[in-house]
Amino acid sequence: MCVQSRSTVQSNTGQCPIHLTDQVQGTSKPPTDTADQKEMQPMTIQHDLPPAYPSIAQDIAEHFLNPMNAGIMCIVAWLLMLAGTAMIVVFALFWWYGVFIGLACAFVAFFLMNGFVTNQPNNGRVYMLCGKYYGTLIKAGYFWMNPLISTHRSFSLKATTLENNKLKVNDVLGNPIEIGVIVVWRIVNTAKAAFSVNNSSEYLSTVADSAIRNVARQFPYDVSDEGEEMSLRGSSVQISMQLQKEIQERVEIAGIEVLEARISQLSYAHEIAAAMLQRQQAVAVVAARQKIVEGAVGMVHTALAQIEDEGKIVFTPDRKAQMVANLLVVLCGGRDAQPTLNVGEG
(Lines give C-alpha, C1' and ligand atoms only; values in the text may rest on other atoms or scores of the structure.)
Protein backbone atom coordinates (compact mmCIF):
# COMPACT_ATOMS: atom_id res chain seq x y z
CA MET A 1 0.00 0.00 0.00
CA CYS A 2 1.41 3.38 -1.04
CA VAL A 3 0.41 6.51 0.87
CA GLN A 4 1.15 9.91 -0.59
CA SER A 5 1.59 12.94 1.58
CA ARG A 6 2.42 16.55 0.77
CA SER A 7 3.81 19.00 3.26
CA THR A 8 5.26 22.48 3.20
CA VAL A 9 8.51 23.06 5.03
CA GLN A 10 9.73 26.54 5.86
CA SER A 11 13.35 27.19 4.91
CA ASN A 12 15.99 28.37 7.34
CA THR A 13 15.78 31.93 6.04
CA GLY A 14 12.03 32.09 6.53
CA GLN A 15 11.60 33.41 3.00
CA CYS A 16 11.46 30.44 0.62
CA PRO A 17 8.84 27.77 1.41
CA ILE A 18 9.82 24.34 0.19
CA HIS A 19 7.07 21.93 -0.87
CA LEU A 20 7.90 18.32 -0.25
CA THR A 21 6.08 15.53 -1.99
CA ASP A 22 7.00 12.12 -0.64
CA GLN A 23 5.60 8.62 -0.60
CA VAL A 24 5.59 6.14 2.24
CA GLN A 25 5.80 2.53 1.21
CA GLY A 26 4.23 -0.12 3.39
CA THR A 27 6.53 -2.62 5.05
CA SER A 28 4.36 -5.66 4.45
CA LYS A 29 4.98 -5.93 0.73
CA PRO A 30 7.98 -4.47 -1.01
CA PRO A 31 7.54 -3.38 -4.61
CA THR A 32 8.39 -6.16 -7.00
CA ASP A 33 6.72 -5.44 -10.29
CA THR A 34 7.06 -2.68 -12.78
CA ALA A 35 3.62 -1.22 -12.06
CA ASP A 36 4.52 -0.58 -8.43
CA GLN A 37 7.77 1.04 -9.46
CA LYS A 38 5.87 3.38 -11.82
CA GLU A 39 3.50 4.34 -9.00
CA MET A 40 6.39 5.32 -6.76
CA GLN A 41 7.45 8.87 -7.56
CA PRO A 42 10.75 10.26 -6.33
CA MET A 43 10.76 13.04 -3.76
CA THR A 44 10.70 16.44 -5.44
CA ILE A 45 11.68 19.77 -3.90
CA GLN A 46 10.08 22.86 -5.31
CA HIS A 47 11.48 26.26 -4.35
CA ASP A 48 9.22 29.30 -4.46
CA LEU A 49 11.97 31.86 -4.88
CA PRO A 50 11.28 35.43 -3.75
CA PRO A 51 11.11 38.13 -6.38
CA ALA A 52 14.36 39.62 -7.47
CA TYR A 53 15.70 42.44 -5.41
CA PRO A 54 15.00 45.86 -6.89
CA SER A 55 17.93 47.20 -8.80
CA ILE A 56 19.84 50.03 -7.18
CA ALA A 57 19.73 51.73 -10.54
CA GLN A 58 16.09 52.64 -9.79
CA ASP A 59 17.05 56.00 -8.33
CA ILE A 60 14.84 58.41 -6.48
CA ALA A 61 14.12 61.48 -8.56
CA GLU A 62 15.68 64.55 -7.02
CA HIS A 63 13.57 67.66 -6.63
CA PHE A 64 14.48 70.95 -4.99
CA LEU A 65 12.55 72.76 -2.29
CA ASN A 66 11.48 76.39 -2.46
CA PRO A 67 11.05 77.30 1.22
CA MET A 68 9.36 80.35 2.67
CA ASN A 69 11.35 83.34 3.79
CA ALA A 70 11.88 83.19 7.54
CA GLY A 71 11.06 86.85 8.19
CA ILE A 72 7.26 86.55 8.04
CA MET A 73 7.10 83.35 10.08
CA CYS A 74 9.47 84.81 12.65
CA ILE A 75 7.10 87.73 13.21
CA VAL A 76 4.10 85.37 13.43
CA ALA A 77 5.86 83.10 15.93
CA TRP A 78 6.88 85.99 18.19
CA LEU A 79 3.37 87.49 18.08
CA LEU A 80 1.88 84.16 19.10
CA MET A 81 4.43 83.84 21.89
CA LEU A 82 3.66 87.31 23.23
CA ALA A 83 -0.11 86.77 22.93
CA GLY A 84 0.08 83.44 24.74
CA THR A 85 2.20 84.89 27.55
CA ALA A 86 -0.19 87.84 27.96
CA MET A 87 -3.25 85.57 28.11
CA ILE A 88 -1.65 83.38 30.73
CA VAL A 89 -0.75 86.39 32.91
CA VAL A 90 -4.00 88.33 32.45
CA PHE A 91 -6.57 85.55 32.60
CA ALA A 92 -4.80 83.36 35.17
CA LEU A 93 -6.90 84.73 38.07
CA PHE A 94 -10.51 85.03 36.83
CA TRP A 95 -10.83 83.15 33.48
CA TRP A 96 -9.11 79.80 33.35
CA TYR A 97 -10.18 79.21 29.74
CA GLY A 98 -7.87 82.02 28.76
CA VAL A 99 -4.98 80.13 30.33
CA PHE A 100 -5.55 77.19 27.98
CA ILE A 101 -5.77 79.54 25.01
CA GLY A 102 -2.51 81.16 26.04
CA LEU A 103 -0.79 77.79 26.43
CA ALA A 104 -2.08 76.78 23.00
CA CYS A 105 -0.66 79.95 21.46
CA ALA A 106 2.70 79.35 23.16
CA PHE A 107 2.76 75.75 21.94
CA VAL A 108 2.03 76.83 18.37
CA ALA A 109 4.78 79.44 18.61
CA PHE A 110 7.33 76.86 19.80
CA PHE A 111 6.18 74.49 17.06
CA LEU A 112 6.69 77.14 14.38
CA MET A 113 10.12 78.02 15.72
CA ASN A 114 11.32 74.48 15.04
CA GLY A 115 10.95 75.14 11.31
CA PHE A 116 13.69 77.76 10.98
CA VAL A 117 16.75 76.53 9.09
CA THR A 118 19.97 78.11 7.85
CA ASN A 119 21.68 76.78 4.74
CA GLN A 120 25.20 77.72 3.66
CA PRO A 121 26.24 78.33 0.02
CA ASN A 122 27.16 75.20 -1.96
CA ASN A 123 25.48 72.99 0.61
CA GLY A 124 22.60 70.58 0.08
CA ARG A 125 20.23 69.28 2.74
CA VAL A 126 18.16 66.14 2.13
CA TYR A 127 14.82 66.14 4.01
CA MET A 128 12.49 63.27 4.79
CA LEU A 129 8.86 63.17 5.87
CA CYS A 130 7.37 60.03 7.43
CA GLY A 131 10.21 57.87 6.11
CA LYS A 132 9.98 59.15 2.53
CA TYR A 133 12.16 61.48 0.53
CA TYR A 134 10.70 64.97 0.75
CA GLY A 135 13.14 67.14 -1.18
CA THR A 136 16.53 68.85 -1.24
CA LEU A 137 17.34 72.37 -0.13
CA ILE A 138 20.25 73.97 -2.00
CA LYS A 139 19.36 77.66 -1.64
CA ALA A 140 21.56 79.65 0.68
CA GLY A 141 19.91 81.76 3.37
CA TYR A 142 17.58 81.72 6.38
CA PHE A 143 14.25 79.97 5.72
CA TRP A 144 11.21 78.51 7.39
CA MET A 145 10.13 74.98 6.50
CA ASN A 146 7.58 72.45 7.67
CA PRO A 147 8.61 71.53 11.24
CA LEU A 148 7.46 67.93 10.69
CA ILE A 149 10.19 67.18 8.15
CA SER A 150 13.60 66.07 9.36
CA THR A 151 17.08 66.50 7.94
CA HIS A 152 18.31 63.15 6.67
CA ARG A 153 21.79 64.13 5.54
CA SER A 154 23.72 67.24 4.56
CA PHE A 155 26.16 67.30 1.64
CA SER A 156 28.77 69.73 0.45
CA LEU A 157 28.36 70.57 -3.24
CA LYS A 158 31.88 71.97 -3.54
CA ALA A 159 34.62 70.36 -5.60
CA THR A 160 36.61 67.94 -3.43
CA THR A 161 39.96 66.25 -3.96
CA LEU A 162 40.52 62.59 -3.21
CA GLU A 163 44.07 61.23 -3.08
CA ASN A 164 44.42 57.53 -2.34
CA ASN A 165 47.49 55.74 -1.12
CA LYS A 166 49.88 54.18 -3.58
CA LEU A 167 48.85 50.78 -4.92
CA LYS A 168 51.13 47.99 -6.04
CA VAL A 169 49.90 46.53 -9.33
CA ASN A 170 51.36 44.81 -12.38
CA ASP A 171 51.49 46.46 -15.76
CA VAL A 172 50.71 44.68 -19.03
CA LEU A 173 54.25 43.19 -19.08
CA GLY A 174 53.96 41.86 -15.55
CA ASN A 175 56.32 44.38 -13.96
CA PRO A 176 55.26 45.39 -10.43
CA ILE A 177 54.72 49.13 -10.18
CA GLU A 178 53.46 51.53 -7.53
CA ILE A 179 50.82 53.96 -8.71
CA GLY A 180 48.63 56.59 -7.07
CA VAL A 181 45.71 58.65 -8.34
CA ILE A 182 44.12 62.04 -7.57
CA VAL A 183 40.39 62.47 -8.26
CA VAL A 184 38.59 65.82 -8.27
CA TRP A 185 34.87 65.25 -7.75
CA ARG A 186 31.64 66.79 -6.52
CA ILE A 187 28.10 65.70 -5.71
CA VAL A 188 25.53 66.66 -8.34
CA ASN A 189 22.56 64.52 -7.17
CA THR A 190 21.94 64.56 -3.44
CA ALA A 191 19.13 62.00 -3.62
CA LYS A 192 21.42 59.38 -5.14
CA ALA A 193 24.20 60.25 -2.72
CA ALA A 194 21.87 59.89 0.26
CA PHE A 195 19.96 56.73 -0.63
CA SER A 196 22.14 54.76 -3.08
CA VAL A 197 25.38 54.53 -1.08
CA ASN A 198 26.29 54.72 2.57
CA ASN A 199 29.30 57.01 2.24
CA SER A 200 30.10 58.85 -0.98
CA SER A 201 33.79 59.46 -0.32
CA GLU A 202 34.47 55.88 0.76
CA TYR A 203 32.57 54.54 -2.24
CA LEU A 204 34.55 56.79 -4.58
CA SER A 205 37.83 55.75 -2.95
CA THR A 206 37.06 52.07 -3.49
CA VAL A 207 35.97 52.65 -7.08
CA ALA A 208 39.11 54.70 -7.80
CA ASP A 209 41.35 51.91 -6.52
CA SER A 210 39.56 49.37 -8.68
CA ALA A 211 39.69 51.61 -11.75
CA ILE A 212 43.40 52.40 -11.45
CA ARG A 213 44.17 48.68 -11.09
CA ASN A 214 42.20 47.92 -14.21
CA VAL A 215 43.80 50.71 -16.24
CA ALA A 216 47.33 49.92 -15.09
CA ARG A 217 46.99 46.31 -16.25
CA GLN A 218 46.27 47.44 -19.82
CA PHE A 219 49.43 49.46 -20.50
CA PRO A 220 53.19 49.10 -19.95
CA TYR A 221 55.09 51.33 -17.58
CA ASP A 222 57.26 52.75 -20.34
CA VAL A 223 57.31 52.63 -24.11
CA SER A 224 59.09 49.79 -25.87
CA ASP A 225 61.89 50.13 -28.40
CA GLU A 226 59.40 50.77 -31.20
CA GLY A 227 57.70 53.46 -29.15
CA GLU A 228 54.32 53.17 -30.85
CA GLU A 229 51.98 51.96 -28.10
CA MET A 230 50.62 53.98 -25.17
CA SER A 231 52.34 53.80 -21.80
CA LEU A 232 51.57 54.91 -18.27
CA ARG A 233 54.54 57.27 -18.18
CA GLY A 234 54.42 58.65 -21.69
CA SER A 235 50.68 58.91 -22.40
CA SER A 236 49.48 60.75 -19.32
CA VAL A 237 46.68 62.65 -21.10
CA GLN A 238 45.10 59.56 -22.69
CA ILE A 239 45.49 57.54 -19.49
CA SER A 240 43.83 60.30 -17.47
CA MET A 241 40.88 60.49 -19.87
CA GLN A 242 40.34 56.73 -19.77
CA LEU A 243 40.68 56.67 -16.00
CA GLN A 244 38.16 59.51 -15.60
CA LYS A 245 35.69 57.78 -17.92
CA GLU A 246 35.92 54.48 -16.08
CA ILE A 247 35.48 56.06 -12.65
CA GLN A 248 32.54 58.18 -13.86
CA GLU A 249 30.69 55.12 -15.17
CA ARG A 250 30.93 53.44 -11.77
CA VAL A 251 30.03 56.42 -9.57
CA GLU A 252 27.06 57.58 -11.63
CA ILE A 253 24.77 55.67 -9.29
CA ALA A 254 26.06 57.68 -6.31
CA GLY A 255 25.26 61.06 -7.87
CA ILE A 256 28.95 61.97 -8.22
CA GLU A 257 30.55 63.87 -11.09
CA VAL A 258 34.25 63.25 -11.69
CA LEU A 259 35.83 66.50 -12.82
CA GLU A 260 39.37 65.17 -13.23
CA ALA A 261 41.36 62.01 -12.56
CA ARG A 262 45.14 61.97 -12.91
CA ILE A 263 48.03 59.76 -11.90
CA SER A 264 49.85 61.40 -9.00
CA GLN A 265 52.63 58.89 -8.33
CA LEU A 266 54.20 56.35 -10.66
CA SER A 267 57.31 54.27 -10.06
CA TYR A 268 58.61 50.74 -10.20
CA ALA A 269 58.19 48.62 -7.10
CA HIS A 270 61.20 48.60 -4.78
CA GLU A 271 62.06 44.97 -5.54
CA ILE A 272 62.81 45.76 -9.20
CA ALA A 273 63.55 49.46 -8.99
CA ALA A 274 67.35 48.99 -8.94
CA ALA A 275 67.33 46.65 -11.95
CA MET A 276 65.04 48.94 -13.93
CA LEU A 277 67.25 51.93 -13.06
CA GLN A 278 70.28 50.15 -14.47
CA ARG A 279 68.29 49.31 -17.58
CA GLN A 280 67.27 52.92 -18.05
CA GLN A 281 70.85 54.07 -17.51
CA ALA A 282 72.12 51.56 -20.07
CA VAL A 283 69.57 52.74 -22.62
CA ALA A 284 70.60 56.35 -21.98
CA VAL A 285 74.31 55.53 -22.33
CA VAL A 286 73.75 53.65 -25.60
CA ALA A 287 71.70 56.52 -27.01
CA ALA A 288 74.37 59.03 -25.99
CA ARG A 289 77.17 56.95 -27.51
CA GLN A 290 75.23 56.56 -30.71
CA LYS A 291 74.82 60.30 -30.94
CA ILE A 292 78.53 60.82 -30.30
CA VAL A 293 79.53 58.33 -32.99
CA GLU A 294 77.22 59.96 -35.53
CA GLY A 295 78.75 63.34 -34.79
CA ALA A 296 82.33 61.99 -34.90
CA VAL A 297 81.81 60.33 -38.27
CA GLY A 298 80.45 63.57 -39.68
CA MET A 299 83.38 65.55 -38.32
CA VAL A 300 85.97 63.11 -39.76
CA HIS A 301 84.28 63.12 -43.14
CA THR A 302 84.26 66.91 -43.19
CA ALA A 303 87.93 67.14 -42.17
CA LEU A 304 89.12 64.72 -44.84
CA ALA A 305 87.03 66.45 -47.50
CA GLN A 306 88.52 69.85 -46.67
CA ILE A 307 92.10 68.53 -46.70
CA GLU A 308 91.64 66.81 -50.03
CA ASP A 309 89.97 69.85 -51.56
CA GLU A 310 92.93 72.08 -50.73
CA GLY A 311 95.31 69.59 -52.37
CA LYS A 312 98.26 70.35 -50.13
CA ILE A 313 98.34 66.91 -48.54
CA VAL A 314 97.77 63.68 -50.38
CA PHE A 315 96.91 60.63 -48.32
CA THR A 316 97.52 57.08 -49.29
CA PRO A 317 94.70 54.69 -48.46
CA ASP A 318 96.64 53.33 -45.48
CA ARG A 319 97.42 56.79 -44.12
CA LYS A 320 93.81 57.87 -44.64
CA ALA A 321 92.53 54.83 -42.74
CA GLN A 322 94.99 55.49 -39.91
CA MET A 323 93.95 59.13 -39.70
CA VAL A 324 90.28 58.20 -39.61
CA ALA A 325 90.93 55.71 -36.82
CA ASN A 326 92.90 58.26 -34.81
CA LEU A 327 90.23 60.93 -35.19
CA LEU A 328 87.46 58.53 -34.17
CA VAL A 329 89.40 57.44 -31.10
CA VAL A 330 89.96 61.05 -30.09
CA LEU A 331 86.38 62.16 -30.72
CA CYS A 332 84.60 59.07 -29.32
CA GLY A 333 86.88 58.45 -26.36
CA GLY A 334 85.60 59.12 -22.91
CA ARG A 335 88.87 60.70 -21.79
CA ASP A 336 91.09 63.49 -23.03
CA ALA A 337 93.49 62.54 -25.81
CA GLN A 338 97.18 62.01 -24.95
CA PRO A 339 99.09 62.55 -28.23
CA THR A 340 102.32 60.70 -28.94
CA LEU A 341 104.99 62.57 -30.96
CA ASN A 342 107.13 60.68 -33.43
CA VAL A 343 110.60 62.32 -33.38
CA GLY A 344 112.00 60.11 -36.03
CA GLU A 345 113.72 56.81 -36.34
CA GLY A 346 116.92 56.30 -34.38
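The values are calculated or read from the model by the stated rules, or taken from the named source; none is laboratory data. This structure is a prediction, so every number in the text was calculated from the model and none was measured. Positions of Cβ are generated from backbone atoms using ideal geometry, with glycine treated the same way; all protein chains shown enter the neighbour counts. For the accessible areas, the whole protein counts, side chains as well, though only heavy atoms, and no ligand, DNA or RNA atoms are used. Shrake-Rupley method; radii C 1.70, N 1.55, O 1.52, S 1.80 Å.
Which order do Trp78, Trp144 take by accessible area at a 1.4 Å probe, largest first?
Numbers: Trp78 140, Trp144 45 Å².
Ranked from most to least accessible, the order is Trp78, Trp144.
Can you send over the solvent-accessible area of Ser154, 1.4 Å probe, protein chains only, in Å² to the nearest 10?
70
Amide H of Ile177 versus every other amide H placed in the peptide plane: which residues, excluding those fewer than 5 positions away on the same chain, fall under 5 Å?
Correct list: Val169, Asn170, Asp171, Ala269.
So who's got an amide H within less than 5 Å of the one on Asn123, skipping anything under 5 residues away but keeping other chains? H placed 1.01 Å off N, in plane.
Leu157
Nearest 0.05, what FRET efficiency do Gln280 and Arg213 give at R0 = 22 Å with Cβ-Cβ as r?
Calculated value: 0.35.
Tell me, what is the 1.4 Å probe accessible area of Glu249, in Å² to the nearest 10?
Spelled out: Glu249, probe radius 1.4 Å, area about 130 Å².
Quick one: which of Lys132/Lys158; Lys139/Lys245; Lys168/Lys192; Lys192/Lys245 span more than 21 angstrom between C-alpha atoms?
From the list (Lys132/Lys158; Lys139/Lys245; Lys168/Lys192; Lys192/Lys245), the Cα-Cα distance tops 21 Å for Lys132/Lys158; Lys139/Lys245; Lys168/Lys192.
When all C-alpha to C-alpha distances in region 86-240 are sorted into bins of 5 Å, what percent of pairs does each bin hold, rounded to whole numbers?
Pair shares across the bins are 2, 8, 12, 11, 10, 8, 8, 8, 7, 6, 5, 4, 3, 2, 2, 2, 2, 1, 1, 0, 0.
Which of the peptides 184-192, 158-166, 170-178 is most tightly packed, and how do the rest follow, going by the mean number of other Cβ atoms within 10 Å of each residue? Show your work: numbers first, answer last.
Values: 184-192: 19.8, 158-166: 13.3, 170-178: 15.1.
Highest-to-lowest ranking by the protection proxy: 184-192, 170-178, 158-166.
Rolling a 1.4 angstrom probe over the protein chains, ignoring ligands and nucleic acids, what is the accessible area of Leu80 in square angstrom, nearest 10?
50
Could you please put Phe111, Phe91, Phe64 in sequence from largest to smallest accessible area, using a 1.4 Å probe?
Descending order: Phe64, Phe111, Phe91.
Rounded to a whole number, what is D in µm²/s for region 157-232 from Stokes-Einstein with the Kirkwood radius over alpha-carbon pairs (20 °C, 1.002 mPa s)?
Estimated via Stokes-Einstein, D reaches 150 µm²/s.
Bin width 10 Å, alpha-carbon pairs only: give the P(r) of region 109-153 as whole percents, running from 0 to the bin holding the largest distance.
28, 56, 16, 0
I'd like the distance separating the alpha-carbon centroids of region 183-213 and region 237-270, in whole Å.
12
Shape call for region 117-200 from the C-alpha gyration tensor, a ≥ b ≥ c root eigenvalues: rounded (a/c under 1.5), prolate (a/b greater than b/c) or oblate?
Since a/c reaches 1.5 and a/b is larger than b/c, the shape of region 117-200 is classed as prolate.
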